[in-house]
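The values are calculated or read from the model by the stated rules, or taken from the named source; none is laboratory data. Every value quoted in this text rests on a predicted model; they were computed, and no experiment measured them. Cβ: placed from backbone, ideal geometry, glycine included. Neighbour counts: every protein chain shown.
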Amino acid sequence: MTARRRRDYLIAAPDDGLLAYDVGPWAEDKYRRVGMYAEMFATGMKNLWDRRVYLDLFAGPGHSKVRGTNKAVLASPLIALQLPDRFDKYIFADEYPDALEALKARVARVTSPPDASFIQGDANTIVERVIKELPKNQKTLSFCFLDPYRLNIHFDTVRRLADQGPVDFLILLALYVDANRNERTYVADENQTIDAFLGDSSWREAWEAARKAGQTIVEFLAKEYAARMTRLGYLPVSLDRMVKVRTHNKRLPLYYLAFFSRHKKGLEFWDQVLKYSDDQLGLDL
């Protein structure tokens, strides 16, 4: 098969008059990686499972305008619909109704409209509705992309999804843009943001020990999150296997993209993303 160039995952979006979110140029790094993994997942697993499901619970409107440029590109939901081998089922959710309506209109225009469900609401409050949309009584494998703009995805939400069967997660951990900036607020005893993020209210003692040992709040939370995913049966993930996305101008860190799978094949796919996603030439798929 032919080699995939990285621009294949940065697909120009037409100006259709519908809502499009402004994003920084570093969002292209995110889209490239989620597109590359989704393609490997969808193609590599297509003959092994009855149903392959793509979940995007912070889906947005489907188009993004790259700040400081004249460029508009497809965002993660529509990238996932442009793959050579589509998923069998798509579940899109978003907190904002105007974003979801724009996405719904765009998905309806896709050639051979997919089997897609649209759920409006905060990911943490609609998770049971999401679960009801998962195929039942079939051999199902899911890939869930979680792209929150701050620490607003609860660990219990991730756990509920993980309980439904085999599911790989790619999660944006907004540790620099949120946790680092709001450390003083979040570590206060009365604040429950990190309690919900980690699914645990007893983390402060461990944080105090880590802080005294020289760890930053970012390092601490990334490691703690990975440890909690391991307790759910996911394979261990070290910091060097998380992608640190940075601003393109000053190279300031923004967030981690953290991948979790219960199967070594998922980590093999992710290793290929880590190896090739920054190269001019991508994978042979």
Can you name the residue in region 130-163 that is in contact with a helix residue (DSSP H, G or I) (Cβ under 6 Å, 6 or more places away or on another chain) and assigned to a loop (DSSP other than H, G, I, E, B) and, of all such residues, is nearest to Gln120 (Cα to Cα)? His154
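Here is a yes/no grid of residues against (1) at pLDDT 95 or above; (2) under 23 Å from Thr230 (Cα atoms); (3) in contact with a Phe, Trp or Tyr (Cβ under 8 Å, 6 or more places away or on another chain):
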{"residue": "Gln138", "(1), (2), (3)": "no, no, no"}
{"residue": "Phe143", "(1), (2), (3)": "yes, yes, yes"}
{"residue": "Pro148", "(1), (2), (3)": "yes, yes, yes"}
{"residue": "Asp156", "(1), (2), (3)": "yes, yes, no"}
{"residue": "Arg160", "(1), (2), (3)": "yes, yes, no"}
{"residue": "Ala174", "(1), (2), (3)": "yes, yes, yes"}
{"residue": "Tyr186", "(1), (2), (3)": "yes, no, no"}
Identify the single condition in (1) closer than 15 Å to Thr216 by Cα; (2) outside any helix (DSSP H, G or I); (3) not acidic (Asp, Glu) that Phe169 does not satisfy, given that it satisfies every other one. (1)
For the condition modelled with pLDDT under 95, over 28 Å from Asn152 (Cα atoms) and not in a strand (DSSP E or B), what is the one hit in Arg32, Arg7? Arg7
Here's a check for you: in region 62-77, which residue that is part of a loop (DSSP other than H, G, I, E, B) and touching a strand residue (DSSP E or B) at 6+ places or on another chain (Cβ under 6 Å) is nearest to Tyr31 (Cα to Cα)? Ala75
Residues Leu235, Leu239: which one is modelled with pLDDT of 95 or more and within 29 Å of Tyr9 (Cβ to Cβ)? Leu235
Pull up region 102-118, narrow it to residues that are of a type in the set (D, E, K, R) and part of a helix (DSSP H, G or I), then point me to the one that is nearest to Glu128 (Cα to Cα). Lys104
From the options Lys71, Lys46, Lys65, residue that is of a type in the set (Lys, Arg) and free of Cβ contacts under 8 Å to residues at least 40 places away in the same chain: Lys46
Which is among the hydrophobic types (A, V, I, L, M, F, W, C), surrounded by 15 or more Cβ atoms within 10 Å (Cβ to Cβ) and not in a helix (DSSP H, G or I), of Ala80, Ala59? Ala59
Inside region 200-225, the number of residues satisfying the requirement of being among the small types (Gly, Ala, Ser) and in contact with a helix residue (DSSP H, G or I) (Cβ under 8 Å, 6 or more places away or on another chain) is 4
Going through region 172-186 one residue at a time, which ones are under 22 Å from the mean Cα position of the chain (by Cα) and in a helix (DSSP H, G or I)? Leu175, Tyr176, Val177, Asp178, Ala179, Asn180
